[in-house]
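A.B. asks: Pasting a structure here, questions to come.
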Amino acid sequence: MKDLKGLYSALLVSFDKKREINEKGLRQIIRHNIDVCKMDGLYVGGSTGENFMLSTAEKKRIFEIAKDEVKDDIRLIAQVGSINLKESIELAKFVTDLGYDAISAVTPFYYKFSFSEIKHYYEAIVNSVDNRMIIYSIPFLTGVDMSLTQFGELFVHPKIVGVKFTAADFFMLERMRKQFPDVLIFAGFDEMLLPATVLGVDGAIGSTYNVNGLRAREIFNLAKQERVGEALKLQHQTNDLISDILSNGLYGTIKLLLQEEGVDAGYCREPMQDYSLEMIARAKEIHKKYFG
Ligand code: MN9
């Protein structure tokens, strides 16, 4: 079994003008992540992959394309979570058969599921496949904010090996690191990569690494070597970039930045908006400022 530690891009998906999957563009985004951003792996089907706006067939197609393009060159984690548990299980089986190195599932959201229901969801998914599970915790989008004790109850399962921790709760992160030294913790907020790395995360998974992977790698390596001052300079630069991206529309702007790099990253899936002329012009400026 491959070691899962390291830096992963939360893979963006290219959609064409009709908002259908643009396979050629998707392959270009994947290649850019491997060849230019030097990622250790890809996290496929996450928030950044606009996953919750896709049909089951589309999710499968994206998982297939990613595996076909990546082969065994870098690691692949598939986000299969959905509030349709049957779909999650179907996807978990599908990606395990494709040879994905691990699966991940967002905490079930929208309905206020009890912890025992959440636990049942994870057990049902992992018990259906021979694969490892990374919990995807993103309370600001899901509203699901599990306690350390609840995480601990999930980590008891031998196949639940890690968590993608997309939260700014550094007290919780520190407690989690100390209490579960063997659990794989991935930082989910790119703008907090440095403090998360100082606290001992094993890696990170993020949207901005699709364009900013090299700078993120330097921050991660410097922090691991306890060269915090140097890492902080790069985190400041990175966060200037991330602030600019966030103020212009997160996924759309990253796609527009990729287009400046010659990658056909396309459009976002509806109901996300088409690009305005202002947004495109601003993305060009951002590209020039940070990558020119
Ligand atoms: O999961 C990403 N989260 C979302 C990771 O997109 C909701 C992050 O990489 C953020 O996009 C990034 C910018 O806030 O940190």
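A.B. asks: What ³J(HN,Hα) values, in whole Hz, does the Karplus curve 6.51 cos²θ - 1.76 cosθ + 1.60 give for the range 170-177 when θ = phi - 60°, with x put for Gly and Pro?
C.D. replies: Taking θ as phi minus 60°, the curve returns 6, 5, 4, 5, 5, 5, 5, 4 Hz for the range 170-177.
A.B. asks: Further, regarding this structure: Could you check which residue among D169, D101, D190 shows the biggest mean-square fluctuation in a GNM of the chain with a 10 Å Cα cutoff?
C.D. replies: D169
A.B. asks: Along its principal axes, what span do the Cα atoms of the chain show, with the longest given first and each in whole Å?
C.D. replies: 49, 46, 36
A.B. asks: Find the relative contact order for the chain and round it to a whole percent, using C-alpha pairs within less than 8 Å whose residues are 6+ positions apart.
C.D. replies: Here the relative contact order equals 21 percent.
A.B. asks: Quick check for me: using +1 on Lys/Arg Cβ and -1 on Asp/Glu Cβ, what's the dipole size of the range 150-292 about its Cα centre, in debye to the nearest 20?
C.D. replies: Around 280 debye, computed over the range 150-292.
A.B. asks: Before rounding to the nearest 500, sum -39500 (n - 2.57) across all DSSP H runs of length at least 4 in the chain and divide by the residue total; then give [θ] at 222 nm in deg cm²/dmol.
C.D. replies: After summing the helix terms and dividing by the residues of the chain, the value is -15000 deg cm²/dmol.
A.B. asks: Separate question: In a GNM of the chain with a 10 Å cut-off on Cα contacts, which of N127, N212, N33 has the highest mean-square fluctuation?
C.D. replies: It is N127.
A.B. asks: If you don't mind, there's one more thing I want to ask. Quick check: net charge around V126, other residues with Cβ under 13 Å of its Cβ, Lys/Arg +1 and Asp/Glu -1?
C.D. replies: +2
A.B. asks: Which three extents, in angstrom, do the Cα atoms of the range 164-292 have along their principal axes, listed largest first?
C.D. replies: 49, 33, 21
A.B. asks: Between A10 and residues 5 or more places away or on another chain, which pairs have amide H atoms under 5 Å apart, with H built 1.01 Å from N, and which residues are they?
C.D. replies: For A10, the qualifying residues are Y43, G206, S207, Y209, N210.
A.B. asks: Please order C268, C37 by the number of other Cβ within 10 Å, starting at the fewest. Write down the numbers at each step before the final one.
C.D. replies: Numbers: C268 22, C37 18.
Placing the least packed residue first, the sequence is C37, C268.
A.B. asks: If you don't mind, another one. Report the relative contact order of the range 174-242, percent, no decimals, based on alpha-carbon pairs under 8 angstrom and at least 6 residues apart.
C.D. replies: Reported relative contact order: 30 percent.
A.B. asks: Of all the Cα-Cα pairs you can form in the range 117-197, what percent are over 23 Å apart? Walk me through the intermediate numbers first.
C.D. replies: On the way: 563 of 3240 pairs.
The answer is 17 percent, as a whole percent.
A.B. asks: I would also like to ask the following. Which value, in Å to one decimal place, does the Kirkwood hydrodynamic radius take for the range 75-155 when every pair of different Cα atoms is included?
C.D. replies: By the Kirkwood definition, the hydrodynamic radius is 12.7 Å.
A.B. asks: Tell me which GluC sites (Glu not before Pro) from the range 205-256 have a DSSP coil assignment and no more than 10 other beta carbons within 10 Å of their own.
C.D. replies: Of the GluC sites (Glu not before Pro), the ones in loops of the range 205-256 whose Cβ has at most 10 other Cβ atoms within 10 Å are E226.
A.B. asks: Return the percentage of antiparallel bridges among DSSP beta bridges fully within the chain, rounded to the nearest 5 %.
C.D. replies: The answer is about 5 percent antiparallel.
Taken together, the values in this text are just the output of simple stated rules run on the coordinates, not laboratory data. Just so it is clear, the model here is predicted, and its values are computed rather than measured. Quick reminder, even Gly has a Cβ in these numbers, built from the backbone with ideal geometry, and neighbours come from all protein chains shown.
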